Amino acid sequence: MPPIIDPEKCKGCGTCAQICPVQVFRFHRAEEKTPRPVFGEECWHCNCCVEDCPAGAIRLRVPVPYMMVHVDADTLKPARSRHDGN
Amino acid sequence: MMEIKNVYEADVLVVGGGVAGLMAAIAAAEKGARVLVAEKADSRRSGSGAAGNDHFRCYIPECHGPDVERIVYEVLHFSQVGQCHDPHLTRVFLRRSEEIVRKWESWGIPMRPTGQWEFTGHAYPGRVRSGLKYDGKKQKAVMTSEAKKRGVTILNHMPVIELLKKDGRMAGAVALDVSAEEPSLCVIAAPSVILGTGCTTRLYNNMATPGWMFNLAYCPSNAGGGIAQAWRIGAKLVNLEMTSRHAGPKYFQRCGKGTWIGVLRYPDGEPLGPFVDKPDRACGDITSDVWNSSFTDVMKNGRGPAYMDCSGLTPEDYDYMMWGMDSEGLKGMLNYMDEAGIDPRRHAVEFMQYEPFLIGKGLEIDEHGRCSVPGLYAAGDMVGNFRADIGGAAVFGWIAGEYAGSHIGENAAFSDEVVCALPHVAEVRVLCEKIMNRVGGCPWKEGNLAVQQIMTDYAPSGPHTARSANLLNAGLKYLGDLRQTLLSSMSATCSHTLMRALETLDLVDVGEALMHAALERRETRPPHNRADFTFTNPMLGELFLTVRKEEGNIVKEWRKKDNSR
């Protein structure tokens, strides 16, 4: 579940857990080195944690249903001319 | 037992550290008030402006000329935000807007990032433009720092869960400390309370990705808290039945449709709207602002889907658009597009209309931001008789803070002992304890989904759906049943899930208030469509509908819009 923290890069500063607008993370500073994204389903994908992480240790994985459906822009033309290969 | 961990005292309590709340806090502190902000997350990155914004509606005389009425007219009649305004408030807002823009600039928020005033996007060819293009990426951090400089106390991870009233006026609030896994409560004694809790999301089924209720354009933490809590203490709500629907990329809900520079096209290449036929950096394509239902309509009429086609952009305009998206806080979406190989220069992205929510519908305010309960104020997206998004939140937040901060004696404060002893404090504590102590009950998510299914079916919002007295009465019955079910069965395991459980109960209240208002509006005025009253009644066009609770009864009142100058 998003977001994903790279434990190798994470310095354990807790910035992500502090600033997340939807409070996806839990971080017990005394017991763990890296915050845990325990409420991953509540991620807003706002990217704030990615941007504020001083170690660049976080990336977002966007869930598959969020697929941004799209077409090649040059197919936006009348069906006949597409058929003609133009 | 859940402890009352701390008791705070303030002259002005600000609920929500978003754009409106922080501006209110700064203004009140400048007037000498002791100000406390209770924020659900962290004010540096919270609310719908958390990651950034790029349009600030305003009136800058050196660009727009000496007549403010020109911009008033545009906002009221030519913008997507003007539907539910008291025009008097529009004028108050626009007259103060330049001052606030310049304040932001002096604090280091780039309001002229290209070196000059630039009004681009959300605009019509040939008409005056009022959306100032700015770079709001760091706006929340900047405002937080300005608030702290003025001695404002910010309590992060401290959502207000109940407002406290005594002898007909504000006494303070109860907040839930969610900073640790174990929840605790705080009481804040304050004679003035400024609400800035944002729009109401999570009220209707998610239409982009059913089952993913946090896939939202606006901040999913905004669950109508301030509106529900104000409703419970009898404050007037206005225009609640006039639900809004935002639009943007299909399946990936985001704001910023005015940031895209392209043409909305049918699959055959024809533009949806009459405004642009090639990408226009100055205007964008305002079609979906004006024709709010466009993306739903074209899916139903056989001509859709509709695409945002940016393929004709010049390299300079492409860079400008991508920079604008970064300012708007869309970096997460841009990263996704990069990874998925979606390039707006080659690919046309489908757009859709998202589910209903409340923005610019909610608390009724006057020109000072005051609500109908003495000592209570509101600003920003939760206000019901004015809307201007970021600019509106900033300016009316400031106005409310300035007024509250300079009228500290207007409502005498109650001592913290008196506030802590209010019966309501004990009731909230008992409710929280019950939810926390219950084992194996209903998790908040079930409750939230139940609210959404009832709202979607019984208070649907147009297009192509209609409400009726029968549906709304049934919906009110079902929401009442749901509230009882949730009160007797909802359980939480930590501070976070308790917060969400309380949000769910707030959403039930917002839904009920909305349905009461929708019952009273016996006409069709899109998106409020009534199957049993299909006409639009011109007699109601000059009126606003307010609803409030008084001793357990629902009071519905119509009043004239305030058009004074």
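The values are calculated or read from the model by the stated rules, or taken from the named source; none is laboratory data. Only a predicted model underlies this, so the values are computations on that prediction, with no experimental measurement involved. Cβ coordinates were reconstructed from backbone atoms using ideal geometry, including for glycine residues, and neighbour counts include every protein chain displayed. Please note that ligands, DNA and RNA were not included when accessible areas were found on the heavy atoms of the full protein model with its side chains. Shrake-Rupley method; radii C 1.70, N 1.55, O 1.52, S 1.80 Å.
What is the dipole size for the protein assembly as shown, taken about its Cα centre, with +1 at each Lys and Arg Cβ and -1 at each Asp and Glu Cβ, in debye to the nearest 20?
Once rounded to the nearest 20, the dipole reads 280 debye.
Would you work out which of A:C53, A:P37, A:M68 lies farthest towards the positive end of the dipole of segment A:4-83, given +1 charges on the beta-carbon of Lys and Arg and -1 on that of Asp and Glu, about the Cα centre?
Checked the options; the winner is A:M68.
Take every DSSP beta bridge with both residues inside chain B and express the antiparallel ones as a percent of the total, to the nearest 5.
Bridges in chain B are about 65 percent antiparallel.
Name the long-range amide H neighbours of B:S48: under 5 Å, sequence gap of 5 or more, or other chain; modelled H, no Pro or chain starts.
B:C219
Under the definition of partner shielding as Cβ atoms of other protein chains within 10 Å of a residue Cβ, what is the mean value for peptide A:18-30?
Mean partner-chain Cβ count within 10 Å for A:18-30: 6.
Quote the charge dipole size of segment B:246-356 about the Cα centre in Debye, to the nearest 20; the model charges only the Cβ of Lys and Arg (+1) and of Asp and Glu (-1).
Roughly 240 debye for segment B:246-356.
Peptides B:163-173, B:228-238: what's the order by average Cβ count within 10 Å, highest mean first?
Ranked from most to least packed, the peptides come out as B:228-238, B:163-173.
If amide H atoms are built 1.01 Å from N in the plane of the peptide, which residues on other chains or at least 5 residues away come under 5 Å of the amide H of B:L195?
Amide H to amide H, under 5 Å and 5 or more residues apart or across chains, B:L195 pairs with B:V15, B:Y377, B:A378, B:A379.
I'd like the FRET efficiency for B:E417 and B:R169, computed as 1/(1 + (r/R0)^6) with the beta carbon distance as r and R0 of 22 Å, rounded to 0.05.
Between B:E417 and B:R169 the formula returns 0.80.
Kindly provide the helix-only [θ] at 222 nm of the protein assembly as shown, computed as the sum of -39,500 (n - 2.57) over DSSP H runs of four or more divided by all residues, to the nearest 500 deg cm²/dmol?
-10000 deg cm²/dmol
Work out from phi, with θ = phi - 60° and the Karplus expression 6.51 cos²θ - 1.76 cosθ + 1.60, the ³J(HN,Hα) of each residue of segment B:195-211, listed in order in whole Hz, and give x for Gly and Pro.
Result, rounded to whole Hz: 8, x, 9, x, 6, 10, 9, 6, 8, 10, 3, 5, 8, 7, 9, x, x.
Heavy atoms only, 1.4 Å probe, whole protein assembly: order A:R36, B:R91 by accessible area, highest first.
The ordering from most to least exposed comes out as A:R36, B:R91.
In whole Hz and in residue order, list the ³J(HN,Hα) couplings for segment A:72-77 that follow from phi through the Karplus curve 6.51 cos²θ - 1.76 cosθ + 1.60, θ = phi - 60°; x for Gly and Pro.
5, 4, 6, 8, 7, 7
Please report, largest first and rounded to whole Å, the three semi-axes of the ellipsoid equivalent to segment B:178-336, where each semi-axis is the square root of five times an eigenvalue of the C-alpha gyration tensor.
Each semi-axis is the square root of five times an eigenvalue, giving 37, 19, 16 Å.
Which Rg and Dmax, in Å, describe the Cα atoms of segment B:1-77?
Cα-based Rg and Dmax for segment B:1-77 come out at 18.1, 62 Å.
Once you have the Kirkwood Rh of chain B from its Cα pairs, apply Stokes-Einstein at 4 °C and 1.567 mPa s and quote D in µm²/s.
Stokes-Einstein gives a translational diffusion coefficient of 55 µm²/s.
Before anything else, pin down the relative contact order of chain A: Cα pairs under 8 Å, at least 6 apart, normalised by residue count, whole percent.
34 percent
Quick one: what are the phi-derived ³J(HN,Hα) couplings along segment B:547-558, Karplus 6.51/-1.76/1.60 with θ = phi - 60°, whole Hz, x for glycine and proline?
Whole-Hz 3J(HN,Hα) from phi for segment B:547-558: 10, 7, 9, 9, 6, x, 9, 8, 9, 10, 9, 9.
Once the protein assembly as shown is represented by equal point scatterers at the alpha-carbon sites, with solvent omitted, what log10 I(q)/I(0) does the Debye formula produce at q = 0.07, 0.12 Å⁻¹?
-0.41, -1.33
Report the rotationally averaged projected area of segment B:264-378 based on its alpha-carbon convex hull, in square nanometres.
10.4 nm²
Please compute, over every Cα-Cα pair in segment B:461-565, the percentage with a separation greater than 18 angstrom.
Roughly 60 percent, once rounded to a whole number.
Taking the Cα centre of segment B:127-262 as origin, sum charge times position over the Cβ atoms of Lys and Arg (+1) and Asp and Glu (-1), and report the length of that vector in debye to the nearest 20.
820 debye
Take every Cα-Cα pair in segment B:508-562 and report what % of them are more than 12 Å apart.
68 percent
Run the simple label-point estimate for B:M299 and B:L76 please: 7 Å along Cα→C-beta, distance reported in nm.
My value for the distance between the label points is 3.5 nm.
Given contacts defined as C-alpha pairs under 8 Å and at least six residues apart, what's the relative contact order of chain B, whole-number percent?
21 percent
Set the Förster distance to 56 Å, then compute FRET efficiency between B:S406 and A:T75 from the Cβ-Cβ distance, nearest 0.05.
0.40
Along the Cα→Cβ direction, 7 angstrom out, place labels at A:E8 and B:T485. What is the inter-label distance in nm?
Calculated label separation equals 4.9 nm.
Can you list residues whose amide H is under 5 Å from B:A171's amide H, if they're 5+ apart or on another chain and H is modeled 1.01 Å from N?
Those qualifying (amide H under 5 Å, at least 5 residues apart or on another chain) are B:L164, B:K165, B:K166.
Provide the solvent-accessible area of B:R70, counting protein heavy atoms only and rolling a 1.4 Å probe, rounded to the nearest 10 Å².
Solvent-accessible area, nearest 10 Å²: 120 Å².
With unit charges on the beta carbons (Lys and Arg positive, Asp and Glu negative) and the dipole taken about the Cα centre of chain B, which residue among B:S491, B:P344, B:S564 sits farthest to the positive side?
B:S564
So for the protein assembly as shown: antiparallel DSSP bridges make up what percent, rounded to the nearest 5?
Taking every DSSP beta bridge within the protein assembly as shown, about 70 percent pair in antiparallel fashion.
Take every Cα-Cα pair in segment A:4-83 and report what % of them are more than 15 Å apart.
I get 62 percent for the Cα pairs in segment A:4-83 exceeding 15 Å.
Restrict the search to segment B:299-403; then list the trypsin sites (Lys or Arg not before Pro) that DSSP places in a loop and that have at most 16 other Cβ atoms within 10 Å of their Cβ.
Listed in order of number, the matching sites are B:R303, B:R345, B:R346.
What is the mean number of Cβ atoms from other protein chains located within 10 Å of the Cβ atom of each residue in peptide B:331-339, rounded to a whole number?
Counting other chains' Cβ atoms within 10 Å and averaging over B:331-339 gives 5.
Give the peptides B:525-537, B:502-514 in descending order of average Cβ contacts within 10 Å, highest first.
B:502-514, B:525-537
Quick check: at a probe of 1.4 Å, how many percent of the accessible area of segment A:4-83 sits on carbon and sulfur atoms?
Whole-percent figure for carbon plus sulfur exposure: 52.
Could you point to the residue in B:L195, B:L176, B:M207 farthest towards the positive end of segment B:140-233's charge dipole, with +1 and -1 charges on the Cβ of Lys/Arg and Asp/Glu respectively?
B:L195
At 7 Å along the Cα-to-beta-carbon direction for both B:V7 and A:H28, put a label point, then send me their distance in nm to one decimal.
The two pseudo-label positions are separated by 3.3 nm.
Students often check this: by mean Cβ neighbours within 10 Å, which of B:81-90, B:213-222 ranks highest, and how do the rest follow?
In descending order of packing, they fall as B:213-222, B:81-90.
So what is the relative contact order for segment B:54-135, in percent, with contacts set as C-alpha pairs under 8 Å and at least six apart?
Contact order relative to length: 38 percent.
Which aspartates and glutamates have a Cα lying under 15 Å from the Cα of B:K103, excluding residues fewer than 8 positions away in the same chain?
Cross-link targets: B:E30, B:D135, B:E146, B:E402.
Residue by residue through B:190-200, how many Cβ atoms from other chains fall within 10 Å of the Cβ on average?
Counting Cβ atoms of other protein chains within 10 Å of each residue's Cβ and averaging gives 0.
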